[in-house]
1. Would you point out the residue of region 48-62, among those that are under 24 Å from the mean Cα position of the chain (by Cα) and assigned to a helix (DSSP H, G or I), that is modelled with the highest pLDDT?
2. Take the residues of region 9-27 that are within 14 Å of residue 85 (Cβ to Cβ) and surrounded by 13 or more Cβ atoms within 10 Å (Cβ to Cβ): which is modelled with the highest pLDDT?
3. List the residue pairs whose Cβ atoms are under 8 Å apart, where the first residue sits in region 11-25 and is in a helix (DSSP H, G or I), the second is exposed (fewer than 13 other Cβ atoms within 10 Å of the Cβ), and the two are 6 or more positions apart or on different chains.
4. Is it fair to say residue 34 is in a helix (DSSP H, G or I), modelled with pLDDT of 95 or more and either under 16 Å from the mean Cα position of the chain (by Cα) or under 20 Å from residue 95 (Cβ atoms) (or both)?
């Protein structure tokens, strides 16, 4: 499924005049808007009593979500998808406008090796680069 999304994003950059013309800064504006929508939906879910305690109860007790909770969950999933899509579109805009070409696989490997995990305070300064290099990610 992720590969399908990547193909859609790649094809939009080639076939859609709007996508081809959007700048990274414009795409950041769209991404911010989606993040605001996600924050609203997260707050709405919290107002319904959803959250980590609900997740544990739902898994452990087989609790059935109410109508409003089901709708809130669907909205959260939708907004998370929009954020992911816009982040990939931002990657494409950066590739087109700055000539950088980090493919999504490289970005995922980098994201899976964040500095706070890869380099604890006691680690040498080049620990992150070494960790990325050992996983095949360019420094």
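1. Quick first cut of region 48-62, residues under 24 Å from the mean Cα position of the chain (by Cα) only: 50-56.
From what is left, the residues that are assigned to a helix (DSSP H, G or I) are 52-56.
Working: 52: 68, 53: 58, 54: 48, 55: 54, 56: 49.
So, considering only residues that are under 24 Å from the mean Cα position of the chain (by Cα) and assigned to a helix (DSSP H, G or I), the one modelled with the highest pLDDT is 52.
2. 27
3. Within 8 Å, the pairs are 20/14; 24/98.
4. Details: in a helix (DSSP H, G or I): yes; modelled with pLDDT of 95 or more: yes; either under 16 Å from the mean Cα position of the chain (by Cα) or under 20 Å from residue 95 (Cβ atoms) (or both): yes.
Yes; evaluated as a whole, the condition is true for this residue.
The values are calculated or read from the model by the stated rules, or taken from the named source; none is laboratory data. Everything numeric here is computed off the predicted structure, so don't read it as measured data. Because the Cβ atoms are built from the backbone with ideal geometry, glycine has one as well, and the counts that use them run over all protein chains shown.
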